[in-house]
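Remarks on the structure that follows.
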Amino acid sequence: MIQDDTLVGGLALLIAALTTSIAIGPWMAPYQIRSIAAVQKRYGSIAARGVWLLIAFLSAVSGAAILSGIRPSYASPPATLNQNQ
């Protein structure tokens, strides 16, 4: 596993945990972010919590994919120094 993948995947899982705690917790400051506040004003607080949960879900899926090494077909891991030997 590449160290960069570990860092980025771990950060994505950390963001997923943070946004999950925002969605289910009593903390109201994150709901003052302009886009979340617009959703809350137009559709209500349940929809705004749903947006936070959607962000959490997508971050968790992305983090798990990065940590498991899933890559697009056009991407390849960096070449190692001893590849030609």
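The angle separating the long axis of helix 45-68 from the principal Cα axis of greatest extent in the chain is about 10 degrees. When restricted to Cα atoms, the chain yields an Rg and a Dmax of 17.8, 62 Å, respectively.
Against the chain, whose longest principal axis is taken from its Cα atoms, helix 3-24 shows a tilt of about 10°. Of Ala64, Ala12, Ala37, which is the most mobile in a GNM of the chain whose springs link Cα atoms less than 10 angstrom apart? Evaluated over the chain, the most mobile residue of the options is Ala37.
Where does the chain land at 222 nm, in deg cm²/dmol rounded to the nearest 500, when only DSSP H runs of n ≥ 4 count, each adding -39500 (n - 2.57), divided by all residues? Can you show the working numbers first?
Details: 3 runs with 56 residues, N = 85.
Helix-only estimate at 222 nm: -22500 deg cm²/dmol.
If packing is taken as the mean number of other Cβ atoms within 10 Å per residue, what is the order of 15-28, 47-60, highest first? Kindly include the intermediate steps, with their values, before the conclusion.
Numbers: 15-28: 14.4, 47-60: 16.8.
Top of the packing list down: 47-60, 15-28.
Quick note: the coordinates plus some simple rules give every number you see, no bench work behind them. Computed from a predicted model, the values in this text were never measured in an experiment. Here Cβ is always computed from backbone atoms with ideal geometry, including for glycine, and neighbour counts include all displayed protein chains.
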